[in-house]
Structure formats: structure tokens, C-alpha cells
1. Give all pairs with beta carbons closer than 7 Å in which a residue from the stretch 158-180 that is more than 15 Å from LEU63 (Cα to Cα) meets a residue that is open to solvent by 60 Å² or more (accessible area, probe 1.4 Å) and among the aromatic types (Phe, Trp, Tyr); count only pairs at least 6 apart in sequence or on separate chains.
2. Here is a list of conditions, (1) more than 30 Å from ALA53 (Cα to Cα); (2) surrounded by 14 or more Cβ atoms within 10 Å (Cβ to Cβ), and GLY121 meets all of them except one; can you say which number that is?
3. Which residues, counting only those in the stretch 70-100, are modelled with pLDDT under 95, in contact with a Leu (Cβ under 8 Å, 6 or more places away or on another chain) and among the aliphatic types (A, V, I, L, M)?
4. Hey, any hits in the stretch 168-176 for a residue that's surrounded by fewer than 20 Cβ atoms within 10 Å (Cβ to Cβ), at pLDDT 95 or above, within 20 Å of ALA53 (Cα to Cα) and within 10 Å of the chain's Cα centre (by Cα)?
5. Within the stretch 92-107, how many residues turn out to be farther than 21 Å from VAL124 by Cα, hydrophobic (A, V, I, L, M, F, W, C) and in contact (Cβ under 8 Å) with a residue 24 or more places away in the chain?
6. I'm checking my understanding of the structure. Among residues of the stretch 6-18 that are under 13 Å from ASN122 (Cα atoms) and in contact with a Leu (Cβ under 9 Å, 6 or more places away or on another chain), which one is surrounded by the fewest Cβ atoms within 10 Å (Cβ to Cβ)?
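The values are calculated or read from the model by the stated rules, or taken from the named source; none is laboratory data. For clarity, every value in this text was computed on a predicted model and none was experimentally measured. As a convention, Cβ positions derive from the backbone with ideal geometry for all residues, glycine included, and neighbour counts pool all protein chains shown. In case anyone asks, the SASA skips ligands and DNA or RNA and just uses the protein heavy atoms, side chains included. Shrake-Rupley method; radii C 1.70, N 1.55, O 1.52, S 1.80 Å.
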Amino acid sequence: MASVRIPEQKVILCGEYGVGKSSIFRRFATNNFVTATDRKSTLGLDHYDRSFAVGDKAIKLQLWDTGGMERVASVTSSYYKFAEAALLVFALDNPASFHSLSQHMLDVVTYAENAKIFLVGNKVDVEQSSGGEPEVSDADMESFCEQCHSLISATYKTSCKTGEGLEDMFQDIANSLVESNRSRLELQALDTHGFKIEPPEETGEPSCLC
């Protein structure tokens with residue numbers, strides 16, 4: 001049976017400079033990690049498409065990165081427009097990047113109001129190698145989600161250096177976007193077969209669909 005293809009879903013990376021957004025983008029696109037000493041600065045918006053299978057459905061995620069232009073005001077409207085999902089990224093070893101998420105959250109809600117929002121704590125490898133208490137704890141992440149009044153769909157911990165958690169995260173996001181598109185697909189299937197379900201008339205008598 002041929003898979004049902006879902007319209008392309010735009011996913012954007014949001015967060016402070018230096019938290020690893022471009023490294024997440026690179027892992028998504030090429031499954032590679034480039035050290036800071038070998039990394040070349042990037043300028044301009046960039047995006048990459050990848051397809052994911054979810055049951056009998058195929059979904060293409062189009063991941064967008066600011067390329068270091070997150071502070072350029074003119075980027076805002078084009079970057080956020082039509083986003084179906086937004087990744088709020090911070091570095092687990094950098095509390096300042098975590099505490100600045102409120103502004104990024106506000107930007108997403110303002111410019112991409114229909115987007116599902118996911119919280120991503122990056123650089124979990126640094127947390128693990130230190131052997132001590134993490135700079136940003138699980139409790140901190142849970143508290144942020146509570147303050148956002150259930151606007152956060154899920155939380156993740158990732159490492160661009162080792163690749164930990166990234167593939168599972170994107171698959172999970174694909175699953176979530178398929179679920180949110182399920183009712184739309186069902187309506188499209190009804191239209192394709194020429195069926196249309198009308199609500200029953202309010203006659204005061206039990207209705208029956210025969």
C-alpha cells in the first residue's frame with residue numbers, strides 16, 4: 001500500500017547565539033559534527049528537507065536555521081512565517097541561554113501562533129562529562145514548561161557532538177505533526193471519495209446515518 005504523504009512541515013530553530021542551533025541543523029542535514037575551531041561562520045537563512053515514515057504516512061520536515069542572523073530584525077517575519085513547529089534550544093551548561101527563552105517563546109507565539117513548541121536542552125555531553133550537577137536541571141525545565149501553561153509539547157536533551165537524542169527527537173516531532181494533521185487527512189480522504197458528512201438536523205428525534 002502506498003504511503004499517504006503529508007504536506008511539507010516547516011520547523012524552525014530558536015534560541016540564543018552559541019547554543020548549538022547550527023550544529024543541530026548540521027546533524028539533521030548531514031549527521032556530522034564540526035568542532036568550534038573548524039567551524040566557519042554562516043550568514044543567511046538556510047533550510048534542509050528530510051522525510052520520515054510514521055506508520056503508513058510519509059512526512060517531510062523542512063528544518064530552518066537563522067545562520068547567525070537571529071538578531072537581525074528583518075529576519076523575523078520570513079523566518080517564523082508558516083512554521084508548524086519551533087524548537088526552543090538552550091545549552092544545558094549555560095543558564096543565561098535558558099533564562100532568555102521567555103523572549104524566544106514570545107516571538108514564536110507572536111509570529112508563528114499555530115506552531116507546536118518543543119524545548120531542547122543541548123550539550124548533554126558536557127553535563128555528563130562534568131560529573132557534577134547540571135547548570136540547568138530537569139526541575140528547571142519542568143518549571144519553565146509549567147510557566148508556559150502547557151504550550152510546550154515535549155522536552156528533549158541532546159548532544160550535537162555525539163548525536164545523542166537528536167534522531168529520536170526529530171522522529172518524535174514527525175509523529176506529533178502527523179497526529180496534528182490526522183483530522184485534515186481524514187477530511188481530504190472523504191473529499192477524494194466524494195463523501196461528505198453533514199451534521200444531523202435538529203428535529204428532536206433520534207437521527208440515523210444509513
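1. The qualifying pairs are CYS160/PHE33; LYS161/PHE33.
2. (1)
3. VAL75
4. The answer is yes, given that some residue of the stretch 168-176 is surrounded by fewer than 20 Cβ atoms within 10 Å (Cβ to Cβ), at pLDDT 95 or above, within 20 Å of ALA53 (Cα to Cα) and within 10 Å of the chain's Cα centre (by Cα).
5. Of the residues in the stretch 92-107, 1 are farther than 21 Å from VAL124 by Cα, hydrophobic (A, V, I, L, M, F, W, C) and in contact (Cβ under 8 Å) with a residue 24 or more places away in the chain.
6. First, pick out the residues of the stretch 6-18 that are under 13 Å from ASN122 (Cα atoms): 13-18.
In the following step, the residues that additionally are in contact with a Leu (Cβ under 9 Å, 6 or more places away or on another chain) were identified as 13-16.
On the way: LEU13: 22, CYS14: 27, GLY15: 24, GLU16: 20.
The selected residue is GLU16.
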